[in-house]
Ligand code: ADP
Ligand code: MG
């Protein structure tokens, strides 16, 4: 390790030099309050930024021990530190700049969800922040003076402003940890009470706009209020007994006029699998971890998925117990999305009519009369939703404002009226009973689908003889020559999750977890166990700065594998 002065000296000699000379600053430097590691120096101003790490002694930071003495608390405090660092850097403004991404000090802080991420690690001895920096440049020449100002003024100020307890807002840090712990407690409460989801009274569910995940402002947003019949109280360590709407296991229908808040409610549940930052409005919304949002996704590929509970007798005798296609329809894609989710452990399905294939959801009496069952391959979800519940323990929460056909099968019917829920189960039952409907159920019991075994030859991370695995934004993964499209995978909420998913697939491949014997579910078990034991960093192939990851769920790793267009699988013997 070198004294920080040596970095100064190196920078002075770099002023005005070509960018490639910059790699001389790689190394470890002792600053008064921290150690700076420059792990990687970008070869040119337009390349991905340089990678830095900062380590501060835990004794120096003075973070109270009780804020990070459990995994839940540690994750929340790490998240807080990273956000705080980002905020300080933002206030400092950008230095110099010039070409490319020059002059920007960055940390991978998240959006509204709190996720375990690699940007910060609180360890017994030290806190480590993982940063990136676009080295400032003029044309292709290094602006060493600017770099010096960033590394010797901005960076120390940002480190002191975020990593020293005395300089952070202690109450805000505590609140951050508390909402995270309360969310965990709500999840425990769901299990204890046989609920699948919970929304606290007073929650703000609508977002600012379709393009922003921030809460809608208060005069306009109508705070959530549970209908009396569904009101439950769950214990939390910090907010005490929290009152709100508990959605029981079984089949829940959300009805109501257009624009009355149905999809907004479902979207809040979709994200309720994750904890949210204070003041998000959804801090006390919780959905069980095995909850999966399902939608139709025409055009996707499907590899040997048993969709026969929903689709049989396709034209030309196409197999539906091991259904494959390069170009799924709305209904076959939605059926596959359900079966794949169940395969890796989903037990709560969220479905919105807005993003569903109508012919997958319903088939009414008139249509049954016109088109006989023999000519209709689809058994609508309507006729299988009870089998899912009774034989497979799968609950469904369904938004359906356009058809009353689900009234007879629903256990709970919630009507959204001016953004507020009302329980109308009895009314809906009565209406269903009074209606003289000659509709006949077309459902029948079905077995659990056979597990699938991914075959190793379906994964090729190479492109032009080089390994190429990368995320492009939130919804695209590049895997070798393939592009995985996650635009219908709504529970990926952070681009760093996307990156982790791509690398998790590569990791499983490198570890030979895709051995042609393990089922997809077993591969995910192995990867998850490694991430739990060694941290998310295990996905990284680098020493030092591991890259920016946020923890993905098992379901979303599976979703990406299932959308890889070269995926080859066999069905396991049952
Ligand atoms: P639906 O699915 O019933 O047609 P949406 O959930 O899409 O309705 O909501 C319609 C509009 O109302 C959206 O712009 C949404 O942001 C807004 N909205 C939803 N819930 C609330 C609420 N609680 N307070 C204020 N506006 C809301
Ligand atoms: Mg809607």
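The values are calculated or read from the model by the stated rules, or taken from the named source; none is laboratory data. Quick caveat: nothing in here was measured; it's all calculated off a predicted structure. Don't worry about glycine lacking a Cβ; one is built from the backbone with ideal geometry, like all the others, and counts go over all protein chains shown.
Just to check your reading of the model, which residue among 275, 237 is away from ligand 1 (no atom under 16 Å from the Cβ), buried (at least 24 other Cβ atoms within 10 Å of the Cβ) and either more than 29 Å from residue 175 (Cα to Cα) or at pLDDT 95 or above (or both)?
275
Go over the candidates 309, 377 one by one and state the one that is away from ligand 2 (no atom under 16 Å from the Cβ), in contact (Cβ under 8 Å) with a residue 12 or more places away in the chain and buried (at least 24 other Cβ atoms within 10 Å of the Cβ).
So the residue among 309, 377 that is away from ligand 2 (no atom under 16 Å from the Cβ), in contact (Cβ under 8 Å) with a residue 12 or more places away in the chain and buried (at least 24 other Cβ atoms within 10 Å of the Cβ) is 309.
List the strands (runs of 3 or more DSSP E) that sit entirely inside segment 467-528 and contain at least 1 residues that are at pLDDT 95 or above and closer than 22 Å to residue 328 by Cβ.
Filter on segment 467-528 gives 476-479, 482-485.
Would you mind finding the one in 317, 402 that is in the same structural domain as residue 270 (by TED's automatic domain parsing), farther than 27 Å from residue 558 by Cα and within 16 Å of ligand 2 (Cβ to nearest atom)?
Criteria check complete, one pass: 402.
Sort through 225, 288 and tell me the only one that's within 16 Å of ligand 1 (Cβ to nearest atom) and modelled with pLDDT of 95 or more.
Within the list 225, 288, the selection yields 225.
Determine whether segment 361-368 contains at least one residue that is within 16 Å of ligand 1 (Cβ to nearest atom), in contact (Cβ under 8 Å) with a residue 12 or more places away in the chain and either out of contact with any helix residue (DSSP H, G or I) (no Cβ under 7 Å at 6 or more places or on another chain) or not in a strand (DSSP E or B) (or both).
Within segment 361-368 (the criterion being within 16 Å of ligand 1 (Cβ to nearest atom), in contact (Cβ under 8 Å) with a residue 12 or more places away in the chain and either out of contact with any helix residue (DSSP H, G or I) (no Cβ under 7 Å at 6 or more places or on another chain) or not in a strand (DSSP E or B) (or both)), the answer is yes, since at least one residue qualifies.
Check residue 203 against each of (1) within 16 Å of ligand 2 (Cβ to nearest atom); (2) closer than 27 Å to residue 428 by Cβ and name the one condition it does not meet.
The number of the failed condition is (1).
Select from segment 131-175 the residues that are surrounded by fewer than 17 Cβ atoms within 10 Å (Cβ to Cβ) and assigned to a loop (DSSP other than H, G, I, E, B) and list them in ascending order.
139, 140, 164, 169
Run residue 439 past the list (1) within 23 Å of the chain's Cα centre (by Cα); (2) not assigned by TED's automatic domain parsing to the domain that holds residue 528 and report the number of the one that doesn't hold.
Answer for residue 439: the failing condition is (1).
Listed here are the residues, each with its yes/no results for (1) in contact (Cβ under 8 Å) with a residue 40 or more places away in the chain; (2) crowded, with 21+ Cβ neighbours inside 10 Å.
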residue	(1), (2)
20	no, no
36	yes, yes
39	yes, no
79	yes, yes
86	no, no
103	yes, yes
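Residue 57 versus (1) at pLDDT below 95; (2) surrounded by fewer than 19 Cβ atoms within 10 Å (Cβ to Cβ): which is the lone unmet condition?
Failing condition for residue 57: (1).
Which one of these does residue 296 not meet: (1) within 14 Å of ligand 1 (Cβ to nearest atom); (2) surrounded by 21 or more Cβ atoms within 10 Å (Cβ to Cβ)?
(1)
I'd like the residue in segment 240-272 that is free of Cβ contacts under 8 Å to residues at least 60 places away in the same chain and more than 10 Å from ligand 2 (Cβ to nearest atom) and, out of all such residues, is surrounded by the most Cβ atoms within 10 Å (Cβ to Cβ).
Taking the candidates together, the pick is 244.
Scan 119, 157, 200, 185 and give me the residue that is in the same structural domain as residue 77 (by TED's automatic domain parsing), touching a strand residue (DSSP E or B) at 6+ places or on another chain (Cβ under 9 Å) and touching a residue at least 12 places away in the same chain (Cβ under 8 Å).
Checking each option against the conditions leaves just 119.
Give the residues of segment 250-272 that are within 9 Å of ligand 1 (Cβ to nearest atom), part of a loop (DSSP other than H, G, I, E, B) and under 18 Å from the mean Cα position of the chain (by Cα), sorted by residue number.
None - no residue of segment 250-272 is within 9 Å of ligand 1 (Cβ to nearest atom), part of a loop (DSSP other than H, G, I, E, B) and under 18 Å from the mean Cα position of the chain (by Cα), so the list stays empty.
Tell me, yes or no, whether segment 377-385 has at least one residue that is under 23 Å from residue 267 (Cα atoms) and within 16 Å of ligand 1 (Cβ to nearest atom).
No, segment 377-385 contains no residue that is under 23 Å from residue 267 (Cα atoms) and within 16 Å of ligand 1 (Cβ to nearest atom).
For segment 333-353, which residues satisfy the criterion of being over 22 Å from residue 521 (Cβ atoms) and assigned to a helix (DSSP H, G or I)?
Answer for segment 333-353, where residues must be over 22 Å from residue 521 (Cβ atoms) and assigned to a helix (DSSP H, G or I): just 353.
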